[in-house]
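The values are calculated or read from the model by the stated rules, or taken from the named source; none is laboratory data. Values in this document were obtained by computation on a predicted structure and should not be read as measured data. Don't worry about glycine lacking a Cβ; one is built from the backbone with ideal geometry, like all the others, and counts go over all protein chains shown. Quick note on the areas: whole protein, heavy atoms, side chains included, nothing else; ligands and nucleic acids left out. Shrake-Rupley method; radii C 1.70, N 1.55, O 1.52, S 1.80 Å.
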Amino acid sequence: MIEARNLSYTYESENNFKTSAVENISFSVNNGEILGILGKTGSGKSTLVQMLNGLLKPLSGEIILNGKNITTDFKNKYEVFSKIGLVFQYPEHQLFESTVFDDIAFGLKNQGLEKPEIHSRVIKIANMLGLNENLLSRSPLSLSGGEKRRCAIAGVMALKPDVLILDEPTAGMDLIGKNFLLKCLLDYHSQEKRSIILISHSVEEIIEVSSKILVLDKGKSVYYGSPGGLFKKDIKYLESLGLNPAQITQVMSLVKAEGYDIPESVLTVNQAQKEILKLLEKDGATA
Amino acid sequence: MEKIIEFKNVDYAVEEQKNKKHFILKNITLEIKKGELVCVIGLNGCGKSTFAKLLSGLISPTSGLINICGLNTQNPDHSYQIRKKVGIIFQNPDNQIIASTIEEEIAFGLENLCIPREKMKARIKSSLCAVGMEGFEKKLTSTLSGGQKQRLNIASVLAMQPEIIVLDEPTSMLDSVSRKNILDLLLKIKSIHKTTIVLVTHFMEEAVLSNKVLFIEDRKVNFLGNPYELFSDEVFLKTPSLTPMQSSQILSFIKSLGYKVSMKALKTKDCANEIIKILENHKK
Ligand SMILES: Nc1ncnc2c1ncn2[C@@H]1O[C@H](COP(=O)(O)OP(=O)(O)OP(=O)(O)O)[C@@H](O)[C@H]1O
Ligand SMILES: Nc1ncnc2c1ncn2[C@@H]1O[C@H](COP(=O)(O)OP(=O)(O)O)[C@@H](O)[C@H]1O
Ligand SMILES: [Mg+2]
Ligand SMILES: [Mg+2]
């Protein structure tokens, strides 16, 4: 389990220009939990997760991993890196080997695994993420945007870190790829009982997979709690946080405004189908 | 309307192994008219970015012909002209940013077009304003968040006032509110300047606002035409490589129950009205 206590971070540039990117954020993710992080662009999400895996040193606050304070105990930096895996917002930033295979295998080699073990793990994870085997011998630079992203995710997931952090992993993925990845994450999560932290702009996606949600606005935490609770808030307020509800939610709230008996926020198409069926069945049989 | 982009039997292939050609796009023939907003959709790896690069003259077809504003992209004498006419925003916002401050970044493109210094300031200001980054001139590009970088790239291209703007997934890292703002901005530019816009996207709610969608599948153009036609077509709705809009999903569900439904009510308001109409008729 990972716990963040009062984390803050301020960027300082040459001309002493200071940007406070993260202010006093606390949360915890138990083993087997998925924390979803939402917030406008520039709200501090990437900064926050870079502190978690030791890439940025917090200005103040603490990070506790499995009971150990990893902010003060920097001796084990490599240990931290291997236990907390971060997939960057820009997949290019972590692709530097000459073939896709070597890229995915990079971390595994560092862990000193045997060649056949590395080979089978790479093939397995590549398959799981829908990366065609004939891509593996190509240069990562020749991949399409979505393929690059899968490659970066594969490299981190192969390591099976205690805490897996993904910074906007579904950006630029097609629907099939997105659903695939989310399913992979859920499978991984139920098999391995690890903690996952997922950043996304897709409210539907976060709701679907997260046990808890953290919403950032201008570096501050403005919501920390259950997915359902967030949607009890006013739509205008959610919009001000950059969180437009999904189209189906908007459609159903317009229908509700006409006086139909529909719950406050209908979040998925499935749920909408059920609600409409109920309304149609109310007055006798369907057409 | 005059055609501004023309592809004739265009192939693009790479050599995967020695003497083994791998086709990324095959036999593409199409026309795009001046002032249209065309959305390019399709699965990861289907060739959208390749199409965008061909269209901007950054890569040349391995066979066939591409004309932009009547200029053949393969003729090196045309490359300066084409660069002036076509502004492209790449998929990865980092690849595009070179300068250290935002002002310099936008000025860089303008210098290439020989825009006089006095005029630059105003253009920089108005293009930053257009993307909601007014007052960011002196900020360092290295300090921007992912979404801010995407907006900066759009501002740089806007400042150059090109005839065609090609955007490769420009909003993939934006929150949904900023994403809507960018789309509104593109629609505004289109209507004011009659700019032709080619937008690669995975968001169908963006595609439905376009004049035409170009759906690439299996290396070929599977569909080029009105988005309503595509998204209300039962066959296309069942194609796994097409992401249906939530509105069309719910409408097709209601239709499957035996109700008469207009599958063209794809926009949020239209869809809600269609559902309300059905519920009301049902009450009677
Ligand atoms: N040098 C190359 N050798 C072999 N295949 C290549 C090469 N360059 C690109 N490709 C392949 O061509 C296909 C099309 O790439 P492109 O970048 O145009 O896809 P895309 O539609 O933009 O995908 P995405 O949605 O993931 O960005 C991909 O499968 C890619 O792997
Ligand atoms: N290297 C940096 N130097 C200075 N400021 C930065 C740097 N990286 C990010 N910032 C600023 O910190 C804030 C938060 O950025 P980021 O964590 O990337 O946000 P998000 O991931 O939510 O989009 C933004 O205002 C951004 O401009
Ligand atoms: Mg970020
Ligand atoms: Mg692409």
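Say we look at the range A:202-228 and pick out the residues that are among the small types (G, A, S) and open to solvent by 10 Å² or more (accessible area, probe 1.4 Å); which of these is farthest from A:M1 (Cα to Cα)?
A:S202
Criterion first (in contact with a helix residue (DSSP H, G or I) (Cβ under 9 Å, 6 or more places away or on another chain), open to solvent by less than 30 Å² (accessible area, probe 1.4 Å) and not in a helix (DSSP H, G or I)) does B:A107 satisfy it?
Spelling it out, it is not the case that B:A107 is in contact with a helix residue (DSSP H, G or I) (Cβ under 9 Å, 6 or more places away or on another chain), open to solvent by less than 30 Å² (accessible area, probe 1.4 Å) and not in a helix (DSSP H, G or I).
Hey, can you tell me all the residues within the range B:245-284 that are within 7 Å of chain A (Cβ to nearest Cβ) and in contact with a Phe, Trp or Tyr (Cβ under 7 Å, 6 or more places away or on another chain)?
Correct list: B:M245, B:L279.
Mind listing just one residue for me: the one in the range A:19-32 that is more than 11 Å from chain B (Cβ to nearest Cβ) and open to solvent by 40 Å² or more (accessible area, probe 1.4 Å) and, of those, nearest to A:F231 (Cα to Cα)?
In this case the residue turns out to be A:S26.
Taking the range A:136-175 only, how many residues are surrounded by fewer than 20 Cβ atoms within 10 Å (Cβ to Cβ) and in a helix (DSSP H, G or I)?
The qualifying residues number 3.
Applying the selection to the range B:28-60, what residues are open to solvent by 20 Å² or more (accessible area, probe 1.4 Å) and part of a strand (DSSP E or B)?
Result: B:T29, B:E31, B:K33.
What are the pairs with Cβ atoms under 6 angstrom where one residue, in the range A:180-207, is away from ligand 1 (no atom under 16 Å from the Cβ) and the other, located anywhere, is open to solvent by 60 Å² or more (accessible area, probe 1.4 Å)? Sequence gap at least six, or different chains.
A:C184/A:M128; A:K193/A:N31; A:S195/A:N31
Please determine, by comparing only the residues of the range A:229-251 that are crowded, with 18+ Cβ neighbours inside 10 Å and at the interface with another protein chain (Cβ under 8 Å from one of its Cβ atoms), which one is nearest to B:N273 (Cα to Cα).
So the residue we want is A:V251.
List pairs: first in the range A:35-49 and facing chain B (nearest Cβ under 8 Å) and open to solvent by 10 Å² or more (accessible area, probe 1.4 Å), second modelled with pLDDT under 95 and within 16 Å of ligand 1 (Cβ to nearest atom), Cβ under 6 Å, 6+ apart or cross-chain?
A:S46/A:Q89
Sort out which residues of the range A:36-77 are at pLDDT 90 or above and assigned to a strand (DSSP E or B), and write them in order of number.
Residues satisfying the conditions are A:G36, A:I37, A:L38, A:S60, A:G61, A:E62, A:I63, A:I64, A:L65.
Evaluate the following for A:I104: is it more than 16 Å from ligand 2 (Cβ to nearest atom), within 14 Å of chain B (Cβ to nearest Cβ) and closer than 22 Å to A:F81 by Cα?
No; evaluated as a whole, the condition is false for this residue.
Which ranges mark the strands (runs of 3 or more DSSP E) fully within the range B:138-241 that have 1 or more residues being open to solvent by 60 Å² or more (accessible area, probe 1.4 Å)?
It comes to B:220-225.
In the range B:49-67, which residues are within 14 Å of another protein chain (Cβ to nearest Cβ) and in contact (Cβ under 8 Å) with a residue 40 or more places away in the chain?
B:S49, B:F51, B:A52, B:I59
Just checking, how many residues over the range A:262-285 are modelled with pLDDT of 90 or more, out of contact with any Leu (no Cβ under 9 Å at 6 or more places or on another chain), at the interface with chain B (Cβ under 9 Å from one of its Cβ atoms) and surrounded by fewer than 16 Cβ atoms within 10 Å (Cβ to Cβ)?
Residues flagged as modelled with pLDDT of 90 or more, out of contact with any Leu (no Cβ under 9 Å at 6 or more places or on another chain), at the interface with chain B (Cβ under 9 Å from one of its Cβ atoms) and surrounded by fewer than 16 Cβ atoms within 10 Å (Cβ to Cβ) within the range A:262-285 amount to 0.
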